[in-house]
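What follows is calculated from the coordinates using simple rules that are stated; it is not laboratory data. Note that the structure is a prediction, hence the values are computed from the model and not measured. Every residue, glycine among them, receives a Cβ derived from its backbone with ideal geometry; neighbour counts consider all protein chains shown.
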């Protein structure tokens, strides 16, 4: 039995789909949110990371956490790993909660969170839109292909898998209703966070 | 037998089916093969295998190949020096078939993680299905904080691997080099130190990575602390391990520089070199605090005065050096080492343990990752208010003063109030007598004093200090010195005074005084004896034409006679002798 809710978030149509079964599938279709196109919505990473706590720090005090496995569909899955989309291109990012599991462990705590373009930043958001906590996650799409040339010097390229998954550990006492997902972008002096999508996670 | 395209399409079409599959997956056995501490304070590497059948696992082949790989991974710095900062978990993932896909050869295997060479048409590139990797990790129960590095080893000896959120390596003996390099990216956030041609394309923007820069000004180069003043910038030459500014990095042949001529981020079979090693050590300390634990477990302790306090810390241990611990009390360095025993003075103190890794591998640590502190607040109770030295009984000559003093211990400030009388009687406080010493007025007789000492914790009363006064009369042959409170007035004293009065009377041709009250040995001398002596002296003075003397106080009949009373009579007799 499926319940479907239609809502609007940031001008985007959001379909929240949940199931009463053990499997919870919530989809957000965030069309035209390019993973690499800088937009006015970009935020200061330093500001976000300093004003919002690490989920890891919040989970340390929690008795248990929920491990959410998020599927990220970023293109034609049948095409396999592809070179990085060029700046300015549009991409579709569909994030789906595919599993939800209770775990006793806590998320890893980072003493000095350091961003990289090879990561994504996941921000847990409450029902009223307040940002609750964040977690850095390695960009699961990335596949690095490097091999030495005749002189021993490496050459390589970065490929992006169009269909991947990643996990987020959300403390059970953090009332997250949504995860906002950002891609760090380095502008030469600081990281900006470009929103690339979100996914509803309310149980 | 699957292909990347087939797999991908299937996941798009059947997410619910896959989710159900995950939910029912049998947990793969997990073995901790490097246990160096709690995952909360270690970098945890979790290793999964692909293309290993139950036979391969049961025979020990898989475990042996993982062990060999891990040994190789920790064979070079900084992982070698910091190997105790890592835990390693091995997940025994069982595949239906041995080996992995080689699509370029038309070889396909049914394996748990769908590892395949020739990923994206690149022969040496091995891809795995990260969805399946995540599913195995979740179902196997590897803790959420034990997946800092996820590594898949595939059962194939052909050289190959890949980097990314999941690092993949074959069992080829040189594949570990691929992983070291790729962990430089995913764990160390390091850039490639090679140039073009694209792809990837060169972007001439100052990179965020620690090992690439466009800066050519010595002071602005990120790794300037490693560059000798004599090293020219940009740096020519091909010498190994000489930090400088070498042209070509981050996919740019020009305009972008790397720290050393060659390193593992440029070529395999090379050391990471100084700057990359420094960054990797800093990244290790991103996950590992220099403290494992500390005692007391609470940050505040309360003890009684004089009690010993023991503080200790346990630390992760680098392979060849130790972390430094400095203890301070109220910001003053007090000791070094992992344990600190101290006795603190009463009051509140702050005890701090500062741990620092003074490794030569790191010269720049702007975020102070190699340093950590633990701070405790210790409240040491004040000692109970106690009188250490009581005011002492004294004997002073008539008309002199006595100095009484008390020594007390307890929480400052201490205040004092002296009283006249026996200890505890507060009827006669002495105005202005509010210090630890007190000077009595000139005394003509026995006096008793005590002092009450007070602090924030309460009050304590001293013992009674008696000040006795001595009276000396040179003309007396019986006890010329008598002391108030000490000398019992006896018949001899009365008889001597009678004799001396009569002697004076005789000297002035007066008849002896007619004494009517007969004192004798053993009789208690009372007021009647004194009053008779006073009458005799008045009579004598009158006979001699002298003014009548005055006597101190009235002596009641039956009173016990004090020394000063007798002394007064002696003085009056002496005056006319």
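Structure notes:
- Across segment B:4-186, the fraction of Cα-Cα pairs farther apart than 22 Å, rounded to a whole number, is 42%.
- Two-site label geometry, residue B:405 and residue B:35: point separation in nm, points 7 Å out along Cα→Cβ: 6.7 nm
- Protection proxy ranking, peptides A:173-182, B:197-206, average beta carbon neighbours within 10 Å, highest first: A:173-182, B:197-206
- Ranked by the mean number of other Cβ atoms within 10 Å of their residues, highest first, the peptides B:278-286, B:505-513, B:438-446 fall in the order B:278-286, B:438-446, B:505-513.
- Per-residue ellipticity at 222 nm computed for the protein assembly as shown from its helices equals -5500 deg cm²/dmol, with DSSP H segments shorter than 4 residues left out and the rest contributing -39,500 (n - 2.57).
- Order by protection proxy (mean Cβ within 10 Å, highest first), peptides B:54-64, A:117-127, B:250-260: B:250-260, A:117-127, B:54-64
- Placing dummy labels 7 Å off each Cα toward the beta-carbon, the span from residue B:59 to residue B:345 is 7.5 nm.
- Partner shielding of B:469-482 amounts to 0, given as the average count of beta-carbon atoms from other chains within 10 Å of each residue beta-carbon.
- Distance between segment B:287-331 and segment B:356-416 - C-alpha centres, whole angstrom: 23 Å
- Solution diffusion estimate, µm²/s, Stokes-Einstein, chain B, Kirkwood Rh from C-alpha pairs, 25 °C, viscosity 0.890 mPa s: 74 µm²/s
- Per-q log10 I(q)/I(0), segment B:386-468, q = 0.12, 0.15, 0.16, 0.19 Å⁻¹ (Debye; single scatterer per alpha-carbon; no solvent): -0.31, -0.48, -0.54, -0.74
- Building the convex hull from the alpha-carbon atoms of segment B:452-577 and averaging its projection over directions returns 10.2 nm².
- In degrees, nearest ten, helix B:491-507 long axis to first principal axis of chain B (Cα): 40 degrees
- With the largest listed first and rounded to whole Å, the semi-axes of the equivalent ellipsoid of segment B:146-222 from the Cα gyration tensor are 30, 15, 10.
- Spin-label model, residue B:472/residue B:215: points 7 Å from Cα along the beta carbon direction are separated by 9.1 nm.
- Full-stretch length increase - residue B:516, residue B:541 - with 0.36 nm per residue and alpha-carbon distance subtracted: 7.1 nm
- Mean projected area (nm²) of the alpha-carbon convex hull when segment B:293-380 is viewed from all directions: 6.0 nm²
- Per residue of A:149-155, other chain Cβ atoms within 10 Å of the residue Cβ number 5 on average.
- Prolate/oblate/rounded call for the protein assembly as shown, Cα gyration tensor, a/c under 1.5 rounded: prolate
- Average other protein chain Cβ within 10 Å of Cβ, residues B:124-133: 5
- Tensor-based shape of segment B:101-148 (alpha-carbon gyration tensor, a/c under 1.5 rounded, otherwise prolate or oblate): prolate
- With Cα atoms, 0 to 90° folded angle of helix B:4-13 axis to chain B main axis: 60 degrees
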